[in-house]
1. Please go through the residue pairs 29/65; 76/218; 29/207; 65/147; 65/166 and name each one whose alpha carbons sit more than 24 Å apart in this structure.
2. What relative contact order, as a whole-number percentage, does the chain give when Cα pairs under 8 Å and 6 or more residues apart are counted?
3. Could you identify which residue out of 83, 133, 198 has the top mean-square fluctuation in a GNM of the chain using Cα springs shorter than 10 Å?
4. I need the phi-derived Karplus couplings for segment 51-60: 6.51 cos²θ - 1.76 cosθ + 1.60, θ = phi - 60°, integer Hz, Gly and Pro marked x.
5. Just to verify a number: FRET efficiency for residue 36 and residue 136, C-beta to C-beta distance, R0 = 22 Å, to 0.05?
6. Just 67, 145, 127 to compare: in a GNM of the chain, with alpha carbon springs under 10 Å, which one fluctuates most?
7. Counting only C-alpha contacts under 8 Å and six or more residues apart, can you give the relative contact order of segment 50-106 as a whole percent?
8. Is the shape of segment 8-63 best called rounded, prolate or oblate, per the rule: a/c under 1.5 gives rounded, else a/b larger than b/c gives prolate, else oblate, with a ≥ b ≥ c the square roots of the Cα gyration tensor eigenvalues?
Amino acid sequence: MNVKCSIVCDFCDALMTSRDMGETVAFSKLSSNEKFSRTIFETENFSVICGIGAFVEGYVLLLPKDHYISMAHLDKELEREFITVHNRLVGILREIYTDVIVFEHGAMEVEEPSLFYGQGGGACVDHAHFHYIPVRGIAGELLSHLKSAFSFRAIEDLSVLGSQAKRQVPYLFLQSDSGEKYIFDAPDIESQYLRRRISELCGVPNKWNWRSYPEVDKMLRTVKRINSLVESR
C-alpha cells in the first residue's frame, strides 16, 4: 500500500483489516435494520462506495486504494484507470437517477494541519475521494457562487488535475451536470465547504454534516439500486 500519511487513515485501515474500503469505523457504528456493505464495485486500484451522509439518494464516492491526499497527487500510471472508472460511474448514475455533479476538496501538504482545515481545500478525510451527487438544476447557481468567490480555471480533462499538485495550492474540483470541469484555488475554506453549499441548494441545509446525518436509509437504497444495475451487466 502506498501510504504517505504518518497515521493510517480510516479508509486505508478498512482496506487492510477487512479488504473493504467501505468498512470504516464510522460505517461500522451506524445503526441499520439490515446489514449491508456500502462498496458498490472495485477495479484493481479504485473503489466505489456509498457515501455516509447521502442527503441525496445515489450519493457515492470514488477512492484510490492506495493513499493519496488528493486526486491531483495520483501516480501518472493510474490516470487512465481513474478516468475510465469516473466516466463509467457518471454513466451509471445518469442512467439510474439524473444528471450528476462531481466534486473534490483537494488537499495539499501543510506544515500544521488543523482539525478544522485539515490539509487545506476543506477536506474532511485525509484520503483522496471524488463525490458524485445525482441532482439536477443547481449547477448553474453553484458555479456562479464559486466563480465569484475563488480564482478558477476551466479544464478539458481530469489528467490536468496533476498540475495543481505541482502548484501546491489546495483546491476545489467541480464537474457540472453538463460535464464542464473547473479547478478553484481554495487555500483557506471551512471543512465540507461544498457539501454545505450543495445541501443548501438541495433544500436540506442542515444535512451537510455526515456525522450528524448519516442517512442510512438512503445509503441502503443507493447500494441496492446501483448494485442491481451493475450485476445485471
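Any read-out appearing in this document is the output of simple, stated calculations on the displayed coordinates, not a laboratory observation. Everything quoted here is computed from the prediction, not taken from an experiment. Because the Cβ atoms are built from the backbone with ideal geometry, glycine has one as well, and the counts that use them run over all protein chains shown.
1. Violating the 24 Å Cα-Cα cut-off are 76/218; 65/147.
2. 25 percent
3. 83
4. x, 5, x, 6, 6, 10, 4, x, 6, 10
5. Once the sixth-power term is evaluated, E becomes 0.20.
6. 145
7. On the way: 21 pairs, mean separation 18.1, N = 57.
Averaging sequence separation for qualifying contacts and normalising by length gives 32 percent for segment 50-106.
8. oblate
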